[in-house]
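Worksheet: one structure, shown below.
The values are calculated or read from the model by the stated rules, or taken from the named source; none is laboratory data. The structure presented is a predicted model; accordingly, all values stated were derived computationally and were not measured. Please note: Cβ atoms are built from the backbone with ideal geometry, for glycine as well, and neighbour counts cover all protein chains shown.
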Amino acid sequence: MSEKISLPDGREVDLHEFIAFMYGLSTSDVEVLHLLMESKEKLDADEIAEKLKVTKASVSKSLNNLLDKGLIERDKAEEAEKKKGRPSYVYWVDKDKLIYKLEKDLEKLASSMKEGLEKHIPQ
């Protein structure tokens, strides 16, 4: 989890920390997001909990938060159709969609900062 991005003044910040700051993510959210970013396959909540050695409840909370923020994707698991009861889901990161979302959200942030500065700095 040590992918760094460079800021304009030359400082480097961990990509995951930057995303966490932008979207108000908890450490647990970041761990789940990182696992899904690194995974080559879709994972269900049980698999994520097992890989991170945390409870399924903790994983479910993070998955819901990441879904609400549009950072991950979810589909019904194929085998869920054979089971009775609540459906089972699999989760993953759509790389292109995530990059597009980050780019658009950073553009919105830059625009918001510009507006704030224009109001704050007198002419």
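Any idea which residue in region 14-45 is surrounded by the most Cβ atoms within 10 Å (Cβ to Cβ), counting only those that are among the charged types (D, E, K, R) and under 22 Å from Asp75 (Cα atoms)? Per the stated criteria, the residue is Asp29. Can you find a residue in region 93-103 that is at pLDDT below 95 and of a type in the set (Ser, Thr, Tyr)? No, because not a single residue in region 93-103 is at pLDDT below 95 and of a type in the set (Ser, Thr, Tyr). Taking the criterion of being among the hydrophobic types (A, V, I, L, M, F, W, C), under 21 Å from Tyr23 (Cα atoms) and surrounded by 15 or more Cβ atoms within 10 Å (Cβ to Cβ), the residues of region 51-69 that qualify are Val59, Leu63, Leu66. Looking for something out of contact with any Pro (no Cβ under 7 Å at 6 or more places or on another chain) and part of a helix (DSSP H, G or I) - is there at least one such residue anywhere in region 5-12? No, region 5-12 contains no residue that is out of contact with any Pro (no Cβ under 7 Å at 6 or more places or on another chain) and part of a helix (DSSP H, G or I).
Any residue that is among the basic types (Lys, Arg) and touching a strand residue (DSSP E or B) at 6+ places or on another chain (Cβ under 8 Å) - is there at least one of those in region 82-89?
The answer is no; no qualifying residue exists.
The helices (runs of 4 or more DSSP H) located wholly in region 37-120 that include 1 or more residues which are under 25 Å from Leu7 (Cα atoms) and without any contact (Cβ under 8 Å) to a residue 12 or more places away in the chain occupy 95-120.
In the set (1) touching a strand residue (DSSP E or B) at 6+ places or on another chain (Cβ under 7 Å); (2) at positive phi, Lys53 fails one condition alone, (1). The single residue among Ile48, Ile5, Ile72 that is touching a strand residue (DSSP E or B) at 6+ places or on another chain (Cβ under 8 Å) and surrounded by fewer than 16 Cβ atoms within 10 Å (Cβ to Cβ) turns out to be Ile5.
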